[in-house]
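Everything below concerns the one structure shown next.
The values are calculated or read from the model by the stated rules, or taken from the named source; none is laboratory data. None of the values given here were measured: they were computed from a predicted structure. We place every Cβ from the backbone using ideal geometry, glycine too, and count neighbours over all the protein chains shown. All accessible areas refer to the heavy atoms of the entire protein, side chains included, with ligands and DNA or RNA removed. Shrake-Rupley method; radii C 1.70, N 1.55, O 1.52, S 1.80 Å.
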Amino acid sequence: MAHKYVYMFSEGNANMRELLGGKGANLAEMVGLGLPVPQGFTITTEACTRYYDDGKMIAPEIETEIFEYLRKTEEINGKKFGDTTNPLLVSVRSGARASMPGMMDTILNLGLNDEVCKGMIAGNPDPKFERFVYDSYRRFIQMYSDVVMEVGKKYFEQLIDEMKEEKGVKNDIDLDAADLKKLAEQFKAEYKNQLGEDFPADPVDQLMGAIKAVFRSWDNPRANVYRRMNDIPYSWGTAVNVMPMVYGNLNENSGTGVAFTRDPATGEKKLMGEYLINAQGEDVVAGIRTPSPIARLEEDMPEVYKQFVETANILENHYKDMQDMEFTIENKKLYMLQTRNGKRTAAAALKIAVDLVDEGMIDEEEAVMRVEPKQLDALLHPQFNAASLKAAKVIATGLAASPGAACGRVVFTAEDAKEWAAKGEKVVLVRLETSPEDIEGMVAAQGILTVRGGMTSHAAVVARGMGTCCVSGCGAIVMHEEEKYFEVAGVRYNEGDWISIDGSTGNVYGEAVATEEATISGDFGRFMAWADSRRKLLVRTNADNPRDTAQAVKFGAEGIGLCRTEHMFFEGERIKAIREMIVSDTVEGRRAALAKILPYQQGDFEAMYRVLEDRPMTIRFLDPPLHEFVPQKQEDIEELAADMGISTERLTEIVASLHEFNPMMGHRGCRLAVTYPEIAEMQTTAVINAALKINAEHPEYNIVPEIMIPLVGELKELKFVKDVVSATADKLIAEAGSDMKYHVGTMIEIPRAALLADEIAKEAEFFTFGTNDLTQMTFGFSRDDAGKFLDAYYENKIYEFDPFAKLDQAGVGQLVKMAAEKGRATRPDIKLGICGEHGGDPSSVEFCHNVGLTYVSCSPFRVPIARLAAAQAAIKEKRAK
């Protein structure tokens with residue numbers, strides 16, 4: 001039997017998501033539930049993959065199958081594709097298995113041409129019907145030109161604006177049938193002007209062109225950016241849904257809308273949404289007209305509203321989650337065009353998960369799986385300072401589309417947002433409305449402010465998904481985009497001016513408003529307790545000062561997995577002493593300089609142990625190359641030489657001698673301690689004395705210092721440094737009359753260490769995987785320079801993600817797995833951790849769980865993310881058994 005690439009909606013169900021995509025699977029499920037869905041068909045994700053495998057061609061047998069299913073659709077709907085008297089018109093929509101809002105392209109009203117329009121009008125002499133036909137036709141020409149042929153929307157928008165100006169009207173809806181017929185002609189002329197060929201009149205050509213365009217859109221730049229942000233593999237492909245058109249723009253008894261079964265911003269249990277009378281779906285999402293709240297539908301069409309509320313309840317109870325639904329009303333008849341688990345803010349995700357447990361719809365374990373770990377980021381970031389907010393003046397108010405606070409300099413284009421942010425500037429992206437092309441600028445911006453659009457506009461949906469603050473539909477703003485300024489109540493705000501926006505209230509402030517730490521709701525503690533009870537991995541933090549340590553403990557860190565001691569050396573007197581050590585020619589000179597640093601180092605450790613109480617802390621000994629501590633500019637060298645009482649020439653020679661061609665693979669890590677054992681002696685003294693002192697102060701604690709020797713690649717070098725550490729530590733503990741224990745371990749960050757982990761474990765009592773350096777050395781490129789060329793690797797599908805952001809499980813991950821297994825073979829009770837930023841990346845955390853690490857360690861604000869990701873990994877493993 002031939003491979004099946006096409007399914008009627010009636011042949012599928014929600015479990016066929018991988019094959020039918022999210023939209024197709026949910027349409028099929030709604031058909032199975034008996035809900036009013038226009039009966040069409042889905043072309044599978046496998047057809048998309050085959051399209052790319054075949055050199056961007058649709059195979060003849062797939063094309064034959066498409067038209068076979070089109071005939072079935074004609075029979076079900078009693079209409080014929082391309083017929084002039086009773087035509088079947090269709091929409092062509094994409095639908096990947098993971099929801100990608102605004103990333104893919106949709107075409108409505110496909111199948112129209114001049115003859116079909118004339119035939120439809122001949123059968124219905126009502127002038128309003130004629131207007132509807134030409135409105136649908138001009139929309140189709142514009143969408144097809146933009147989506148399939150990539151002729152920019154702006155050319156057509158310009159023609160619409162000129163027509164409205166000529167007629168003296170404000171809205172598209174005020175144009176009559178003759179105007180729209182003329183616009184359709186102008187659009188076709190513009191198409192020919194741009195492409196040098198006539199607009200395709202044959203509906204078959206239109207359909208195949210549209211299907212290919214959906215497949216192509218899977219590989220467009222904005223889809224690639226979104227996929228990289230959300231870990232969606234390129235290999236998944238997208239399905240195509242071909243659905244008979246139903247018309248929200250037919251008359252005043254028709255309309256279209258988007259609704260949520262719960263508030264996607266707060267999680268409150270209430271039906272929320274927007275609709276437009278006499279409009280098509282693109283009008284709501286694009287934000288071209290300002291829609292009415294869904295509650296008003298009860299006044300406009302009470303029967304339809306009642307049916308819609310019932311349908312929404314059926315869907316939420318069936319999926320046991322908040323639903324995001326698209327619907328169209330044609331002549332007071334309701335049609336459901338889509339449902340999916342709705343995108344929501346972090347606060348809403350938490351509230352909905354907890355509420356669904358309290359309502360008895362799901363259990364705690366399922367609730368833990370419902371919140372995306374990365375979303376927690378949005379709960380943990382600053383809000384406006386109350387006093388500053390009180391003093392600030394609201395200049396305008398829009399819709400509170402995505403909560404949080406943002407403060408930054410005004411920019412007007414996505415390109416500028418990206419460019420300014422790359423220079424370290426905080427920016428707020430101000431747009432008439434956003435479109436999918438703006439995704440990179442939206443990612444770079446602190447917040448997004450739009451003049452048009454509702455709560456379900458592109459800006460609102462994408463911002464909520466990213467956890468970015470957004471205010472939409474701020475109609476008080478008069479935009480002068482080309483001139484790079486906007487006005488509110490006659491006051492001008494130029495590019496580069498500071499503004500602040502509050503995504504929780506919709507308020508806009510014409511100044512910088514101070515922000516402060518986020519506060520976490522009671523739901524957060526309850527939800528995270530559910531997660532903690534299910535995870536096996538411990539979660540520590542990377543911190544090297546008491547402030548960050550306290551923050552991490554507050555967020556649930558179970559210790560410190562990485563304390564970078566060199567970060568303690570860069571302040572005032574400390575940096576002077578370190579430089580003094582570096583320029584000393586003798587062991588005595590170095591010891592004298594290190595003696596000055598010792599009290600500072602010990603004091604830092606004491607402060608951190610106090611904050612940690614009896615939680616563990618892994619302290620990494622000095623790691624970076626020494627040149628990082630010495631000045632490079634001539635005037636700084638002169639100043640330091642004078643301070644140290646040596647000649648500028650001598651200091652210049654020392655600085656030059658420290659220069660390395662590849663410092664990241666140079667004289668650093670344990671190599672420093674081999675060359676200068678006195679550094680390891682001083683650091684050991686600081687750690688052990690601090691632990692002894694805090695244990696004495698707090699007998700209830702049982703501090704067991706963990707000393708980590710970095711950059712080891714050979715057992716003998718680890719043993720050399722460990723012997724220095726042990727001799728120093730044992731002497732201090734004996735002198736104190738204590739029986740305090742301590743551990744010495746190493747960082748696995750050189751591939752050779754992973755290959756020889758069984759040998760290294762003879763001396764190392766624990767391994768911590770330094771995946772930043774391990775990634776760098778395994779790939780053979782510098783993490784500081786890789787950004788210059790990685791974009792080309794993404795564009796050419798060589799890499800799908802940044803290996804420094806998400807662990808490369810195929811290569812680096814295999815080294816981690818091998819080292820873990822070899823380490824355990826030698827020392828069964830060895831503790832295994834990971835401390836690169838991968839420790840806060842959900843997919844990397846899942847990998848760490850699967851290979852049996854003891855803990856992950858990440859930056860303080862990512863601790864809750866790692867806790868939740870660890871719980872989800874444990875639940876997935878349990879469910880897979």
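Cα centroid separation, region 203-227 to region 811-881: 38 Å. Peptides 816-829, 344-357 ranked from most to least packed, by the mean per-residue count of other Cβ atoms within 10 Å: 344-357, 816-829. Computed from the alpha carbon atoms alone, the convex hull of region 818-874 holds 72 Å³ per residue.
Projected onto their three principal axes, the Cα atoms of the chain cover extents of 103, 65, 52 Å, largest first.
Per-residue ellipticity at 222 nm for the chain, helices alone: DSSP H runs ≥ 4 residues times -39500 (n - 2.57), over residue total, nearest 500 deg cm²/dmol? Mind dumping the intermediate values first?
Working: 34 runs with 407 residues, N = 881.
Roughly -14500 deg cm²/dmol at 222 nm, from the helical runs in the chain.
Once the Cα atoms are used to define both axes, helix 17-32 deviates from the longest principal axis of the chain by about 50 degrees. Sort out for me the Cα centre separation of region 408-456 from region 721-761, rounded to whole Å. With region 408-456 and region 721-761 each reduced to a Cα centre, they are spaced 50 Å.
Once you mark the chymotrypsin sites (Phe, Trp or Tyr not before Pro) that are in a DSSP loop and have at most 12 other Cβ atoms within 10 Å, what is the longest gap between them in the chain? Walk me through the numbers before you get to the answer.
On the way: sites that count: Phe570, Phe661.
Here the longest segment lacking exposed loop sites spans 1-569.
Ligands, DNA and RNA left out, the 1.4 Å accessible surface of region 771-881 is 50% carbon and sulfur atoms. Mean separation of Cα pairs under 8 Å and 6 or more residues apart, divided by the residue count, gives the chain a relative contact order of 9 percent. Note: relative contact order over region 610-680, using C-alpha pairs below 8 Å and six or more positions apart, is 44 percent. Based on Cα contacts under 8 Å between residues 6+ apart, region 233-273 shows a relative contact order of 23 percent. Phi angles across region 38-53 convert, under the Karplus curve 6.51 cos²θ - 1.76 cosθ + 1.60 with θ = phi - 60°, into 3J(HN,Hα) values of x, 7, x, 9, 10, 8, 6, 4, 5, 5, 5, 4, 5, 4, 6, 4 Hz, Gly and Pro given as x.
The DSSP beta bridges internal to the chain are antiparallel in roughly 60% of cases.
If packing is taken as the mean number of other Cβ atoms within 10 Å per residue, what is the order of 730-738, 205-213, highest first? Before the final figure, lay out the partial values.
Values: 730-738: 13.1, 205-213: 20.2.
Top of the packing list down: 205-213, 730-738.
Database remark: amide H of Leu807 closer than 5 angstrom to the amide H of Ser844 (H placed geometrically; neighbours at sequence offset of 5 or more, or on other chains; Pro and chain starts carry no H). With protein chains left intact and a 1.4 Å probe, residues in the chain average 40 Å² of accessible area per residue. Close amide H contacts of Leu89 (hydrogens built in the peptide plane, cut-off under 5 Å, sequence separation of 5 or more or a different chain): Met245.
With all protein chains in place and a 1.4 Å probe, the accessible surface of region 384-486 carries 49 percent carbon and sulfur. Taking a straight line from the alpha carbon of Lys269, these lysines sit under 27 Å away, with near neighbours fewer than eight places off in the same chain left out: Lys23, Lys306, Lys320, Lys332, Lys333, Lys343, Lys351, Lys374.
Pairs of lysines in region 711-855 whose Cα atoms sit within less than 13 Å of one another amount to 6, provided the residues are eight or more positions apart or on different chains. Angle of helix 572-583 to the longest C-alpha principal axis of the chain, folded into 0 to 90 degrees and rounded to 10: 60°.
Helix 60-77 and the longest principal axis of the C-alpha atoms of the chain enclose an angle of approximately 50°.
Model label sites at Glu483 and Asp802, defined 7 Å from Cα along the beta-carbon direction, differ in position by 3.8 nm.
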